[in-house]
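Report on the following structure.
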Amino acid sequence: MTNGQRIIGLHLGLLVVLFALQFLLPAYHHGNMARIMVLASYAIGYNILFGYTGLLSLGHALFFAAGMYGLSLTIQHAGFTPAPALLAGVIAGIMVSAGLAFLALRTTGVAFMIVTLMFAQAGYLTILYFAEYTRGDEGFVIQAGQRLLWGIDLSDPTNRYFAAFTLFALCLLASLALVRSPFGRTLVAIRENEERVTMLGYNTFAHKLAAMVISGTLSAAAGATYGLLFGYAGASFASVQYSIFPLLWVLLGGAGTVLGPFIGTLFMFYLIDLSSGITTAYMLIAGVTLVLLTLFAPQGLIGELRRRVWRWLP
């Protein structure tokens, strides 16, 4: 079996397992897994920019919220049905990520991180300022009757799971195809040595711009889907916390690995869920675990697996 066949078989195998879990998981974990798949799609978008291109962003909550509010505001105030509202959320993500990319990519390193954080905070404050329309921190509920996509009730747990699975499958396979393409390999080369890539004649600004737009689009699609599937949009999803989360998920799972975002999201979600059932100081348990993982698995769970066992993992 060639490495290419192993790669395709492994990723398709994960999708088969997730599909089968729909029929096996109890109600609580069934709902959790739907949420994890949507958030993992968000992490996949982040991984394209950070893990493969080497650009550390602290402003991805802006893209997630752009998708969420692009969908929810058009449903609430413009009377859109879910299909065009989803499209509106994705378009909002494309526009916001492209606009931010043109400005932020004029900087590098720490300056890039700070600029993305500043714009994300500006987006968060904008949501709070226009509370008349966005309902600010309180947010608003998208009613079950407004969540019918082509006649499919997405408030139903089974339909919600399959919708989350569809989004995750598309994001996972798109990410796999991208990183194995010449474009994806160029992004990795930019991450490793941008000066040499420039010397070889590549337009690194155009590649980083495209990576940021792709990353923002996937993140916005995840935000729009989250709002539609779980029926809520609030300013908390635009806060710094939701810019830090995808960074943690990607670092835990393995930056620059296709499966890392999912494994990191799954691990972090259940780490917090289980530790919160033990003590109110659950973040202390999560923090200690993160420190231990950083010390003993610095490349993340999948990254260490790739380094030690399966060197062919993308």
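The values are calculated or read from the model by the stated rules, or taken from the named source; none is laboratory data. Bear in mind the structure is a predicted one, so any value in this text is a computation, not a measurement. Here the Cβ positions follow ideal geometry from the backbone for every residue, glycine too, while neighbour counts run over all protein chains shown.
The table below gives the values:
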| item | result |
| --- | --- |
| Test: residue in the range 254-261 that is within 15 Å of the chain's Cα centre (by Cα) and at positive phi | yes |
| Qualifying residue in the range 179-189 (condition: at negative phi, of a type in the set (Lys, Arg) and surrounded by 17 or more Cβ atoms within 10 Å (Cβ to Cβ)) | no |
| For SER219: the one exception among (1) in a helix (DSSP H, G or I); (2) farther than 30 Å from THR74 by Cα; (3) at pLDDT 90 or above; (4) of a type in the set (S, T, N, Q) | (2) |
| Selection count, the range 20-45, where residues are exposed (fewer than 14 other Cβ atoms within 10 Å of the Cβ) and in contact (Cβ under 8 Å) with a residue 40 or more places away in the chain | 1 |
| Residue selected from the range 46-77 under the condition small (Gly, Ala, Ser) and out of contact with any Gly (no Cβ under 7 Å at 6 or more places or on another chain), by the criterion surrounded by the fewest Cβ atoms within 10 Å (Cβ to Cβ) | GLY54 |
| Subset of the range 115-155 (residues that are in a loop (DSSP other than H, G, I, E, B), touching a residue at least 24 places away in the same chain (Cβ under 8 Å) and surrounded by fewer than 17 Cβ atoms within 10 Å (Cβ to Cβ)) | GLY136, ASP137, GLU138, GLN143, TRP150 |
| Criterion: over 28 Å from LEU266 (Cα atoms), crowded, with 16+ Cβ neighbours inside 10 Å and without any contact (Cβ under 8 Å) to a residue 12 or more places away in the chain - qualifying residue of PHE112, PHE80 | PHE80 |
| Every residue from the range 231-249 that is more than 17 Å from LEU117 (Cβ to Cβ) and crowded, with 18+ Cβ neighbours inside 10 Å | GLY231, ALA233, GLY234, TRP249 |
| Hey, LEU313 assigned to a helix (DSSP H, G or I) and within 24 Å of the chain's Cα centre (by Cα) or not | no |
| Where THR158 falls short, out of the listed (1) surrounded by 12 or more Cβ atoms within 10 Å (Cβ to Cβ); (2) closer than 30 Å to GLY256 by Cα; (3) of a type outside the set (A, V, I, L, M) | (2) |
| Complete set of residues in the range 257-290 that are over 30 Å from LEU10 (Cβ atoms) and part of a helix (DSSP H, G or I) | SER276, TYR282, MET283, LEU284, ILE285, GLY287, VAL288 |
